[in-house]
Amino acid sequence: MNDKELFTQNRLFCPGPTPVPDQILTAMSDTSMYHRSDEFYKISRECSAMLAPLFGSKNLPIMLTSSGSGGLEAAVVNLTAPGDKVVVVNGGKFGERWEKLNRGYGCEVSVLNLSWGQSPKASDLLDLIQKQGQTKALFLQANETSTGAYYRIETLVPEIRKNFKGLIIVDCISSLCAHEMRMDDWEIDAVVAGSQKGFGLPPGLAFISLSDRAWGNLSARPRFYFDLARERKGQAEGRSAWTPASTLTLGLHAALKMMNESGLNELYKHHDRMARASRAFAKAIQLKLYCPESPSNSLTTMCMPDGVDGSKVVKELRRRYQAFFAGGQDQLKGKVIRYSHLGFVSVFDLINGLSALEFVLADNGHSFDFGAGVKAAMVELRRNTARP
Ligand SMILES: Cc1ncc(COP(=O)(O)O)c(C=O)c1O
């Protein structure tokens, strides 16, 4: 019997979709709930109320039936008009998506192009905004998932705010739940998130929260499916304009209850601890971090040593252990692997994934002290665990 035959399920260590806990699966098994019923409206309203603190806003977020990109599109179509000048940070595949979306909708786009792995500096963005003139909105990520860089929104945005009064729109699809978001305090106008990331749900829901200022400045652009004003009115009562992904909503309710039980601070601490352990693992087996200055707490991007092909490692992890890591994209293909600890990932899940990686690396020409990575991760986890 080989190792794989012992596994009955895929194990997800990629930055979305993330593992779905049994409590959420059970909640989603009720497929008989009618989405135009008082029972469902109540669940929807409770979801909105429980979601708001994750965005750090007094406003209720809007739930959309779409993947995360639908939430990005909703931000662009509701907050910009054709010809508007916007600035976009492009430090990887998802910055590129903001750029394409804004161009697709006829905005005039200035791009701050970053070398992959880098984070934007407030001064560079303010220079670009000043050069562009009359910038309506700035679009950026919190986490650039293709590189694993976290853009330190908590310091970056307040710094930009000192000299920029336009809209600031942040794609938090892979950062929400792992990194704290306080959109009201940091004066962010729109935050977008997605179900298959920190929420431990399958794909299919996007969330978007707007500031008072953004709600008061919706553009006149024609729109239909993603009409946020229409959704806001209905969702205040738990009604969505279109048929919602009702089973996912039931799962969301369960996920948010689980998060609330532990408390949001514990949730952020957990992700911080998991990320630290993954970084300690990489260091102990001589894998360089791809974004050492500002690594994300959602995923850890590790550089492959010379002579080790990251794409082969990812394939082998899947074939031998049913362990789904993410490889590098575009210029990073074969050069890095991305290990996610986002969502409902326990310390033992983490150790599982890391040990699978050690097995595969050892068989692919990387010479290191076998077991040292897992040990370093365990030591780091223990160091950061409150003991009775
Ligand atoms: C930062 C970021 N933005 C946007 C997306 C796109 O989300 P979706 O694939 O749900 O449309 C992703 C997905 O990985 C992401 O990580």
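Per residue of the stretch 166-174, in order, report the coupling 6.51 cos²θ - 1.76 cosθ + 1.60 (Karplus, θ = phi - 60°) as ³J(HN,Hα) in whole Hz, putting x for Gly and Pro.
x, 6, 10, 10, 10, 7, 10, 4, 9
How large are Rg and Dmax for the stretch 60-158 when calculated on the C-alpha trace, in angstrom?
13.2, 38
Tell me, what HN-Hα J-couplings in whole Hz come from the Karplus equation 6.51 cos²θ - 1.76 cosθ + 1.60 at θ = phi - 60° for each residue of the stretch 26-36, using x for Gly and Pro?
5, 4, 7, 7, 7, 9, 9, 6, 7, 6, 10
Please report, largest first and rounded to whole Å, the three semi-axes of the ellipsoid equivalent to the chain, where each semi-axis is the square root of five times an eigenvalue of the C-alpha gyration tensor.
34, 27, 18
What share of all Cα pairs of the stretch 146-211, in percent, falls into each consecutive 5 Å distance bin?
4, 16, 27, 24, 17, 8, 3, 1
Give the cross-link partners of residue 335 among the lysines, using a straight C-alpha distance below 27 Å as the criterion and excluding same-chain residues fewer than 8 apart.
Once the sequence-local lysines are set aside, what remains near residue 335 is 4, 93, 100, 121, 197, 283, 288, 312, 315, 375.
What's the center-to-center distance, using Cα atoms, between the stretch 305-345 and the stretch 158-225 in Å?
After rounding, the separation between the Cα centres reads 29 Å.
Take the alpha-carbon positions of the stretch 204-248, form their convex hull, and give its projected area averaged over all directions (one quarter of the hull surface) in nm².
3.6 nm²
When the Cα atoms of the stretch 61-104 are enclosed in a convex hull and the volume is divided per residue, what value in Å³ results?
84 Å³
Just the Kirkwood number for the stretch 33-261, please: inverse of mean 1/r across all distinct Cα pairs, in Å, one decimal. Let's see the in-between values first.
On the way: mean 1/r = 0.0569 Å⁻¹.
Taking every pair of different Cα atoms in the stretch 33-261, averaging 1/r and inverting gives 17.6 Å.
Is the C-alpha gyration tensor of the stretch 333-388 telling us rounded, prolate or oblate? Criteria: a/c under 1.5 is rounded; beyond that, a/b larger than b/c is prolate, otherwise oblate.
Since a/c reaches 1.5 but b/c is at least a/b, the shape of the stretch 333-388 is classed as oblate.
Write down Rg/Rh for the stretch 125-260, rounded to two decimals, with Rg from the C-alpha atoms and Rh from the Kirkwood relation over Cα pairs.
Ratio of gyration radius to Kirkwood radius for the stretch 125-260: 0.98.
Using modelled amide H (1.01 Å from N, peptide plane; none on Pro or chain starts), what sits under 5 Å from the amide H of residue 13, excluding residues fewer than 5 places away?
Amide H to amide H, under 5 Å and 5 or more residues apart or across chains, residue 13 pairs with 324, 325.
Have a look at the stretch 224-378 and give its Rg and Dmax from the Cα atoms, expressed in angstrom.
Expressed in Å, the Cα Rg and Dmax of the stretch 224-378 come to 19.5, 60.
Using helices alone, what [θ] at 222 nm do you get for the chain, with -39,500 (n - 2.57) per DSSP H run of 4 or more residues, divided over all residues and rounded to the nearest 500?
Theoretical 222 nm ellipticity from helices: -12500 deg cm²/dmol.
Report the gain in length on full extension from residue 155 to residue 38: 0.36 nm times residue separation, minus Cα-Cα distance, nm rounded to one decimal. Show your work: numbers first, answer last.
Numbers: separation 117, 0.36 × 117 = 42.12 nm, distance 4.25 nm.
Taking residue 155 through residue 38 to full extension adds about 37.9 nm, to one decimal.
Can you give me the Rg/Rh ratio for the stretch 299-358, using Cα atoms for both radii and the Kirkwood formula for Rh?
0.96
Report Rg (one decimal) and Dmax (nearest whole number) for the stretch 42-118, counting Cα atoms only, units Å.
Answer for the stretch 42-118, Rg first and Dmax second: 15.2, 47 Å.
Could you state how much accessible area residue 181 has, in square angstrom rounded to the nearest 10, with a 1.4 Å probe and all protein chains kept in place?
Probe radius 1.4 Å; accessible area of residue 181 about 10 Å².
Roll a 1.4 Å probe over the protein heavy atoms and report the accessible area of residue 237 in Å², nearest 10.
100 Å²
The values are calculated or read from the model by the stated rules, or taken from the named source; none is laboratory data. Here the structure is a predicted model, which is why all the values come from computation and not from measurement. Ligands, DNA and RNA are stripped out before the accessible areas are found, and what is left, the full protein with its side chains, is counted by its heavy atoms. Shrake-Rupley method; radii C 1.70, N 1.55, O 1.52, S 1.80 Å.
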